[in-house]
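This is the structure I want to talk about, given as structure tokens.
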Amino acid sequence: MQRRIVGWLAWVGVLTATACAPAPIERPKLVVLIGIDQFRADYLERYDAALTGGFRRLKDHGRYYPGATVEHAPTLSYPGHTTLATGSHPKTHGITSNAWVETLADGRKRRVSAARDPSVEILGEPDSPGLSPRQIRVTGLADWIRDAHRDAHAVALSTGPALAMLYGGKALEHEARNHAYWLSGSSGRFVTSSYHRTTYPDWVQRFNDEILPRFQEQVEWTSTVPETARRLARRDLARYEGDGVHTTFPHRFESDAAEDDRARERYPWEADPGAFYTWFFNSPFADEALFALAKEAVLALQLGQDGATDLLAIAIKSMDRIGHDYGPRSQEQLDIFVRLDRLLAGLLDFLDETVGEDHYIVAVSADHGAPNIVEYELEQGRPGVRITEELIRELVDHVDRLVTAYDGPAEQLASRIARELEQFDIVARAMTPDELAGTEPADDILRYYRNSYVLGRSTPFPLWTREVLMGQVANTHPANFGIVVEYVEQGQLWTARSAHGTSYRYDREVPILLMGPGIPAGRVTETARTIDLAPTLAHLAGIPHAETVDGRVLQVSNRDR
């Protein structure tokens with residue numbers, strides 16, 4: 001009798017869970033996920049009057065979450081994109097930072113890239129460091145889609161180094177269905193890792209040989225923003241932008257690559273193509289090539305045109321590069337935004353024709369936001385501080401002296417270092433491993449950093465000096481004691497004009513846009529997080545997601561209510 005009661009209760013639980021679970025809508029033929037690096041939440045509002053293309057269509061005809069949030073810190077690119085791809089916090093997927101400190105067998109410390117993998121190589125670039133997603137601990141949307149149908153393709157493309165790899169999933173058993181390609185700043189070609197494939201497919205070879213060079217003929221970046229819309233950004237002439245010299249349109253390859261006529265002679269296209277590839281890599285023309293490659297992938301692999309649901313993931317790095325150099329609200333960033341608006345419109349029109357308007361869903365979000373340039377904030381009479389390398393050296397040297405002289409209990413050293421760090425004006429918070437690993441109630445800042453904490457993967461960010469960036473991390477660096485630092489609000493690192501990475505709202509607030517059949521249009525005030533996007537897309541595609549997901553399915557359909 002007791003067994004029957006337990007069984008009946010279990011069945012009731014199943015029925016209740018089923019009744020509460022969102023009902024899937026009609027399965028799409030193609031899922032398109034676009035991750036825009038450094039896409040701050042307020043851009044779609046601030047630049048609304050300039051939008052006439054893809055962003056306009058998504059805002060007017062899609063589901064728009066204007067204040068979605070990143071729920072982890074530090075807010076860096078690799079963790080943020082991996083979260084979009086997997087629906088997991090960094091503490092779950094393992095990519096806690098762009099790089100972390102690792103202890104070698106001899107006790108020395110080194111800085112390890114989250115993507116570096118010496119067991120593989122970049123196809124066609126044997127001298128380039130090998131890259132793979134091997135350090136990601138969970139599966140993602142690409143894997144779920146491939147697992148759901150044996151004929152499904154997952155294609156991930158990016159301009160950013162290896163970002164496509166984060167969206168491409170971990171599957172190894174079906175090479176013909178694994179596609180992750182990113183633009184190389186060394187060769188100027190779209191490349192992949194031997195982790196994913198042993199050869200390039202013909203359509204990628206053809207694109208690199210015949211189509212990509214057309215985009216690389218452009219050597220001058222001019223503003224395409226209509227005069228009436230340029231008032232949406234701040235003035236173009238600002239000495240705190242870029243290199244302090246080339247701060248206004250037009251931006252030319254020659255002038256960006258060298259300071260004078262004699263130096264420019266060393267950088268012509270024919271004499272030094274590597275210099276041009278670097279310039280092209282950081283120009284808006286790389287985005288044009290990326291979207292062209294996406295269309296080639298749709299045609300070559302017939303994405304969304306057979307019985308399986310396919311994935312097309314596109315990671316866009318240009319907003320981040322321009323944001324770092326010229327800052328939010330700059331004319332350069334506004335132009336990139338307007339150009340992306342047009343490129344996105346062209347992609348959506350193309351998908352309407354090839355896949356069918358009612359047969360694909362598209363999602364757009366970001367890995368993180370960004371602060372305004374601190375010198376701009378000071379110019380406007382608002383607080384801010386530039387955190388120079390000298391200030392960081394002073395802080396790190398202080399810790400070195402403390403550790404060298406310390407003779408107390410070893411288990412108390414991390415706490416002592418953290419409290420000392422908090423005496424510096426530029427440090428708002430220093431968190432120890434015990435605090436980060438704890439389960440007791442925490443304030444929001446500690447909670448965000450806990451969502452990125454993995455024992456043994458402690459990041460030296462943001463205590464960066466040139467030595468740390470070169471991979472040389474002293475044994476007395478706070479990162480070697482598992483300590484994570486949060487700078488004061490509007491405190492910006494010396495490494496870029498605008499530097500993200502904190503738990504402050506300007507770094508954590510991003511938009512989420514969803515559009516497709518069965519998804520009602522409208523601006524939504526419901527709480528949404530970047531960890532929610534991957535499981536929501538899996539739900540819309542009618543496929544299960546992994547148990548490692550930390551997010552939830554957003555209520556994106558009338559059937560879900």
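Mind telling me which of the residues L554, L537, L513 ends up being among the hydrophobic types (A, V, I, L, M, F, W, C) and part of a helix (DSSP H, G or I)?
L537
Matching residues to (1) touching a residue at least 24 places away in the same chain (Cβ under 8 Å); (2) in a helix (DSSP H, G or I); (3) touching a strand residue (DSSP E or B) at 6+ places or on another chain (Cβ under 8 Å); (4) buried (at least 21 other Cβ atoms within 10 Å of the Cβ):
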residue	(1), (2), (3), (4)
V120	yes, no, yes, no
T139	yes, no, no, yes
I145	yes, yes, yes, yes
A156	yes, no, yes, yes
L166	yes, yes, yes, yes
H179	yes, no, yes, yes
R197	yes, no, yes, no
Y200	yes, no, no, no
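Something else: From the list L455, L513, L537, which residue is more than 13 Å from R63 (Cβ to Cβ) and of a type in the set (A, V, I, L, M)?
Values: L513 fails: more than 13 Å from R63 (Cβ to Cβ); L537 fails: more than 13 Å from R63 (Cβ to Cβ).
None of the others qualify; the one that does is L455.
Please specify each residue of the stretch 209-255 satisfying the condition of being in a helix (DSSP H, G or I), more than 17 Å from G327 (Cα to Cα) and either open to solvent by 60 Å² or more (accessible area, probe 1.4 Å) or out of contact with any His (no Cβ under 7 Å at 6 or more places or on another chain) (or both).
Matches in the stretch 209-255: D209, E210, I211, L212, P213, R214, F215, E227, T228, A229, F253, E254.
Please state which one of R46, R40, R63 is closer than 14 Å to G522 by Cα and of a type in the set (K, R). Reasoning before the result, please.
Numbers: R46 fails: closer than 14 Å to G522 by Cα; R40 fails: closer than 14 Å to G522 by Cα.
It is R63.
Just give me the residues in the stretch 524-551 being open to solvent by 20 Å² or more (accessible area, probe 1.4 Å) and among the polar types (S, T, N, Q), in sequence order.
Correct list: T525, T527, T548.
Spot the failing condition for L378; the list is (1) buried (at least 18 other Cβ atoms within 10 Å of the Cβ); (2) among the aliphatic types (A, V, I, L, M); (3) free of Cβ contacts under 8 Å to residues at least 60 places away in the same chain, and only one is missed.
(1)
Oh, and also: Out of curiosity, is L413 of a type in the set (A, V, I, L, M), over 25 Å from F39 (Cα atoms) and free of Cβ contacts under 8 Å to residues at least 40 places away in the same chain?
On the way: of a type in the set (A, V, I, L, M): yes; over 25 Å from F39 (Cα atoms): yes; free of Cβ contacts under 8 Å to residues at least 40 places away in the same chain: no.
Judged against the criteria, L413 is not a match.
Another question, if that's okay. Within the stretch 316-331, count every residue that is touching a Pro at 6+ places or on another chain (Cβ under 9 Å) and open to solvent by less than 20 Å² (accessible area, probe 1.4 Å).
4
Tell me the residue from A300, A313 that is modelled with pLDDT of 95 or more, crowded, with 21+ Cβ neighbours inside 10 Å and either within 27 Å of the chain's Cα centre (by Cα) or assigned to a helix (DSSP H, G or I) (or both), please.
Details: A300 fails: crowded, with 21+ Cβ neighbours inside 10 Å.
Only one candidate passes the filter, namely A313.
Can you name the residue in the stretch 89-113 that is modelled with pLDDT of 90 or more and farther than 13 Å from G456 by Cα and is also surrounded by the most Cβ atoms within 10 Å (Cβ to Cβ) among such residues?
Ranking the qualifying residues of the stretch 89-113, first place goes to P90.
While we're here: Has the stretch 427-437 got any residue that is part of a helix (DSSP H, G or I), touching a residue at least 40 places away in the same chain (Cβ under 8 Å) and surrounded by fewer than 17 Cβ atoms within 10 Å (Cβ to Cβ)?
no
The values are calculated or read from the model by the stated rules, or taken from the named source; none is laboratory data. Every value quoted in this text rests on a predicted model; they were computed, and no experiment measured them. Heads up, the Cβs are rebuilt from the backbone with ideal geometry, glycines too, and the neighbour counts pull from every protein chain shown. These accessible areas exclude ligands, DNA and RNA; they are computed on the full protein's heavy atoms, side chains included. Shrake-Rupley method; radii C 1.70, N 1.55, O 1.52, S 1.80 Å.
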